[in-house]
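Worksheet: one structure, shown below.
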Amino acid sequence: MKYKNLGLSDIKVSEIGFGCMSLGEDEKYNVNLLSKALDAGINFFDTADLYQAGRNEMTVGKAFSEKRDKVIISTKVGNQLRADGSGWDWNPGRDYILKAAEESLKRLKTDYIDLYLLHGGTIDDPIDETIQAFEILKRDGKIRTYGISSIRPNVIREYVKKSSICSVMMQYSLLDRRPEESCLDLLKENNISVLTRGALAKGLLINKPPQTYLKYSSGEVENLTTEIKKVCHGIIPSESAALGFVLAHPAVSSAVTGIRNEQQLSELIKASHQLPVKNEILSHLKAISPVSYYDTHR
Ligand SMILES: NC(=O)c1ccc[n+]([C@@H]2O[C@H](COP(=O)([O-])OP(=O)(O)OC[C@H]3O[C@@H](n4cnc5c(N)ncnc54)[C@H](OP(=O)(O)O)[C@@H]3O)[C@@H](O)[C@H]2O)c1
């Protein structure tokens, strides 16, 4: 497993990160799975206050409270759960973020968050106030660094201009190349790390039954998966192709990948041994995967 710096910080994350959103309901199993991932070399774990209404963070806390210095934890804020459990509302306000961070710290059983991400965001948010909240948390040592999770180029540009974010989490894969047009190079030039999500397209790029994805029909998804298998046949597993493709962009520090069980973990670790993907294969992968562009929030 290789490790890369997050932006200009001294935080080093494994190039495959563990996306905790895929964890199921068996806490004992999940705690064990997270420990096994750490033993296998994954040191970066991504959760959110929203996932499982806070229980996801609690599982991460349970798994790592005794090994805190061995792991890098990112969690997210901005989606305020309603008291009646009927859903959540977007809240990028300063006071809310400061309070929500305290709650996440408790659930994570820690006194600092390595990377605190704004869980979305719109161009109409009070962005200066949101940035102020993150800067206060950083000043007070509650977070080491911060970033945003966003696929809106107009929002990303605002944060690049106005804040000291060190990373942006974005969906990026062989089935979603939209970040290439205006985000990846901009972030690289500004020393801001991209953390990809969705590199496997929820497993569609590996072995899940084809279904529609973004604007692609299930037939188009199936064709691409078949083409990927042809390119990789006898050389590398499809997992390595999917992960190697996103990791090949110099802006990307880690491919945060959803892992639900031990089999997926061991396949992904095996795939990591085949990284980086050779240029010749990368060129083939680029040639067969569709280029696409964001339609909104440009
Ligand atoms: N807005 C945001 O901030 C945001 C949004 C989405 C995700 N995220 C983060 O990014 C992480 C990853 O995102 P994602 O789950 O959307 O995308 P992903 O990593 O492309 O998909 C994860 C899913 O792929 C399947 N999978 C994993 N390993 C596999 C393997 N070896 N073979 C076949 N299938 C495999 C599993 O599906 P099954 O569970 O069905 O088996 C798993 O749940 C999340 O866990 C979360 O931490 C953030």
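The values are calculated or read from the model by the stated rules, or taken from the named source; none is laboratory data. Everything quoted here is computed from the prediction, not taken from an experiment. Please note: Cβ atoms are built from the backbone with ideal geometry, for glycine as well, and neighbour counts cover all protein chains shown. Quick note on the areas: whole protein, heavy atoms, side chains included, nothing else; ligands and nucleic acids left out. Shrake-Rupley method; radii C 1.70, N 1.55, O 1.52, S 1.80 Å.
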**OP:** Take the alpha-carbon centre of segment 224-298, take the same for segment 77-117, and report the distance between them in whole Å.
**Re:** 32 Å
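In cubic angstrom, how much convex hull volume per residue do the alpha carbon atoms of the chain span?
Details: hull volume 38.4 nm³, N = 298.
Per residue, the Cα convex hull of the chain comes to 129 Å³.
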**OP:** Label segment 1-104 by shape, choosing from rounded, prolate and oblate, from the square roots a ≥ b ≥ c of the eigenvalues of the Cα gyration tensor; if a/c is under 1.5 it is rounded, and otherwise prolate applies when a/b is larger than b/c, oblate when it is not.
**Re:** oblate
Original post:
Which aspartates and glutamates, on any chain, are close to K188 with Cα under 17 Å apart, when same-chain ones fewer than 8 places away are left out?
Top reply: D10, E15, E158, E180
Original post:
Considering only A201, V160, A101, whose Cα is most displaced toward the positive end of the charge dipole of the chain, charges sitting on Cβ of Lys, Arg (+1) and Asp, Glu (-1)?
Top reply: A201
**OP:** Figure the gain on full extension for E135 and K162 (residue separation times 0.36 nm, minus the Cα-Cα span) and round it to one decimal in nm.
**Re:** 8.5 nm
Subject >> Lys/Arg +1, Asp/Glu -1 at C-beta; segment 114-266 dipole; positive extreme among G141, I151, I228 >> reply: I228
Subject >> For the chain, size of Cβ-based charge dipole, Lys and Arg +1, Asp and Glu -1, in debye >> reply: 480 debye
**OP:** May I ask for the angle, rounded to the nearest 10°, between helix 27-39 and the longest principal axis of the chain, with both axes built from Cα atoms and the value confined to 0 to 90°?
**Re:** 70 degrees
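Given contacts defined as C-alpha pairs under 8 Å and at least six residues apart, what's the relative contact order of segment 51-134, whole-number percent? Provide the component values of the computation, followed by the final result.
Values: 96 pairs, mean separation 32.8, N = 84.
Over segment 51-134, the number comes to 39 percent.
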Original post:
If you take the charge dipole of segment 3-102 about its Cα centre, with +1 on Lys and Arg Cβ and -1 on Asp and Glu Cβ, which of V13, N79, Y29 is farthest toward its positive end?
Top reply: V13
Subject >> Within the accessible area of segment 47-188 (1.4 Å probe), percent carbon and sulfur >> reply: 47 percent
Original post:
Where a Cα-Cα gap under 14 Å defines reach, which aspartates and glutamates qualify for K161, not counting those fewer than 8 residues away within the same chain?
Top reply: D128, E189
Original post:
Is any residue of segment 205-240 close enough, with backbone N under 13 Å, to a label point placed 7 angstrom from the Cα of Q263 along the Cα-Cβ axis, and if so, which?
Top reply: 207-209
Subject >> Rounded, prolate or oblate (a/c below 1.5 giving rounded, otherwise prolate when a/b exceeds b/c) for segment 174-288 by Cα gyration tensor >> reply: rounded
Subject >> For segment 231-298, size of Cβ-based charge dipole, Lys and Arg +1, Asp and Glu -1, in debye >> reply: 120 debye
Subject >> Over 31 Å (Cα to Cα) - which of K215/K278; K36/K278; K67/K286; K12/K270 fall in this group >> reply: K67/K286
Original post:
Over 18 Å between Cα atoms, which of K28/K62; K202/K230; K62/K106 qualify?
Top reply: K202/K230
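Using the heavy atoms of the protein chains and a 1.4 angstrom probe, tell me the accessible area per residue for the chain in square angstrom.
Details: 13390 Å² over 298 residues.
Here the residues of the chain average 45 Å² of exposed surface.
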**OP:** Just need the relative contact order of segment 124-240 here, percent rounded to a whole number, with Cα pairs under 8 Å and 6+ apart.
**Re:** 17 percent
